[in-house]
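One structure below.
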């Protein structure tokens, strides 16, 4: 039994296995603080033996990444921000991904890792997988770079991984083919990249759909990827079985009631959040092929305002009027995951905990950029120490 | 000698202190349990890595946990947990000796309790506080330390 592995005062009395046991009981924020204590501890926090133990944990969401997008033009916007949850004072941090070799467009997060692509134009358009905590990153070859396509990213830290091999993840690139003439149907095609093979493979599966994807961000839930399209439908792609279908959303728009919607994952299932005069309603998808949604939680605008009158005022009246001005809704959901709803109300961004019914004001849109009003990319993120490149 | 009569085990600590312990209590330690199974001639079992003071404390834990009947009753569980908390009110040196003993003697419950106690001591503390608590030398240069803090501020402020 090795008695001492660290020259770390009293902790040096303990052998490595024990220190790892203690560390594995600490939340990520504490581990990050520990890595600032001494060089030995810093090394230990990134030690492969520790990472193996650590990888089996699920960390809670503690912030979001935000990037502006133009709604009507295709140009990329470089600027991105990170908004911290649950802290007083300065919550917004800018440009955390500057450690990457070029400017990037954020695409997706999965269990603490971020997937992004080169801002176009770029000499060699690439996809990057990175961990903003340890600033570790890898470049993925991008066979068919196209900034209009949507890229989904799925990373499961619990899947068996030999520390000597690199990270295991999958990417799916969705392309919308528009028919060349009237008789040609428009459809979605899927290209899949799996990290062990390091190659993109075109799936034989296609999904006919006239409408393109409206928010390029995919949601990964229960082994399937979901995207919102510009109609009242969600595109679903089952990665393992390479099957796709279109799912109708629970609350179709009517003439005088156009709900604001977003989709997200919670408890391994796809959820849809709608905001309209009827209030904030959360639905869970129970059956894909029948488009069967079950209402799982709701709150009226009046109650929401009552419980949070410090921030919300005249909510019902203003939301009712928002059907008139579709471009600037008074209240809309920006992202949803694990019971956390990111809301835009007027010009401020809020975090609402569905189960605790707690509303937290995060920041104003102004802090996130001039173009943050149009369809921005909002990615809920949990801190992680997982290394990305080969150790 | 039939097994029913052999209810006592004799343990000797590193500093030659002798402890006579009920066999069930001693068997909370997987290490001692295997020792007994391998050689049940009734000789003294040496525990070379653990001193008398620590071994006494270990035996105290094992005794309590063997004596307390396992039950699903909430109150009973709370009572045992409260006992564990009181038991853990010890100085840092004893705590670390106890972790090492629990590890060497392979007593899962005690190892869990002691490791969790250390983890709870670390949670929520700043790097300076952690250094002070465990007497850890800060071997970063001021510049290195400043850089690391700045880099990670967004994650733990």
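The values are calculated or read from the model by the stated rules, or taken from the named source; none is laboratory data. Values in this document were obtained by computation on a predicted structure and should not be read as measured data. Note: ideal-geometry Cβ built from the backbone for every residue, glycine included; neighbour counts use all protein chains shown.
Is it the case that the stretch A:122-130 has a residue that's over 19 Å from residue A:218 (Cβ atoms) and either within 18 Å of the chain's Cα centre (by Cα) or surrounded by fewer than 15 Cβ atoms within 10 Å (Cβ to Cβ) (or both)? Yes, the stretch A:122-130 contains at least one residue that is over 19 Å from residue A:218 (Cβ atoms) and either within 18 Å of the chain's Cα centre (by Cα) or surrounded by fewer than 15 Cβ atoms within 10 Å (Cβ to Cβ) (or both).
Of the candidates A:14, A:64, A:52, the single residue that is more than 28 Å from residue A:264 (Cα to Cα) and within 13 Å of another protein chain (Cβ to nearest Cβ) is A:14.
Every residue, every condition in (1) farther than 19 Å from residue A:331 by Cβ; (2) surrounded by 14 or more Cβ atoms within 10 Å (Cβ to Cβ), yes or no:
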residue	(1), (2)
A:249	no, yes
A:261	no, yes
A:266	yes, yes
A:270	yes, yes
A:273	no, yes
A:279	no, yes
A:282	no, yes
A:287	yes, no
A:291	yes, yes
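Residue-wise test of (1) outside any loop (DSSP other than H, G, I, E, B); (2) touching a helix residue (DSSP H, G or I) at 6+ places or on another chain (Cβ under 8 Å); (3) within 30 Å of residue A:17 (Cβ to Cβ).
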{"position": "A:37", "(1), (2), (3)": "no, yes, yes"}
{"position": "A:52", "(1), (2), (3)": "yes, no, yes"}
{"position": "A:56", "(1), (2), (3)": "no, no, yes"}
{"position": "A:71", "(1), (2), (3)": "no, no, no"}
{"position": "A:76", "(1), (2), (3)": "no, no, no"}
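Scanning the stretch A:97-120 for residues that are buried (at least 20 other Cβ atoms within 10 Å of the Cβ) and without any contact (Cβ under 8 Å) to a residue 40 or more places away in the chain returns A:97, A:104, A:116, A:117, A:118.
Residue-level analysis places residue A:84 outside the set of residues that are within 25 Å of residue A:367 (Cβ to Cβ), within 14 Å of another protein chain (Cβ to nearest Cβ) and surrounded by fewer than 14 Cβ atoms within 10 Å (Cβ to Cβ).
Screening the stretch B:91-102 for residues that are free of Cβ contacts under 8 Å to residues at least 40 places away in the same chain and touching a helix residue (DSSP H, G or I) at 6+ places or on another chain (Cβ under 6 Å) and picking the one that is surrounded by the most Cβ atoms within 10 Å (Cβ to Cβ) gives B:99.
Counting only residues that are in contact (Cβ under 8 Å) with a residue 40 or more places away in the chain and assigned to a loop (DSSP other than H, G, I, E, B), the stretch A:78-96 holds 5 of them.
For the stretch A:229-261, residues that are outside any loop (DSSP other than H, G, I, E, B), in contact (Cβ under 8 Å) with a residue 60 or more places away in the chain and under 26 Å from residue A:177 (Cβ atoms) total 3. Exactly one residue among B:9, B:66 is surrounded by fewer than 18 Cβ atoms within 10 Å (Cβ to Cβ), touching a residue at least 24 places away in the same chain (Cβ under 8 Å) and within 23 Å of residue B:111 (Cα to Cα), and that residue is B:66. Of the residues in the stretch B:141-156, not one is modelled with pLDDT under 90, crowded, with 17+ Cβ neighbours inside 10 Å, outside any helix (DSSP H, G or I) and within 14 Å of chain A (Cβ to nearest Cβ). Restricting the stretch B:112-140 to residues that are farther than 30 Å from residue A:61 by Cα and assigned to a helix (DSSP H, G or I) leaves a set whose member that is nearest to the other protein chains (Cβ to nearest Cβ) is B:134. Of all residues in the stretch A:347-375, those being in a loop (DSSP other than H, G, I, E, B), within 20 Å of residue A:71 (Cβ to Cβ) and out of contact with any strand residue (DSSP E or B) (no Cβ under 9 Å at 6 or more places or on another chain) number 4.
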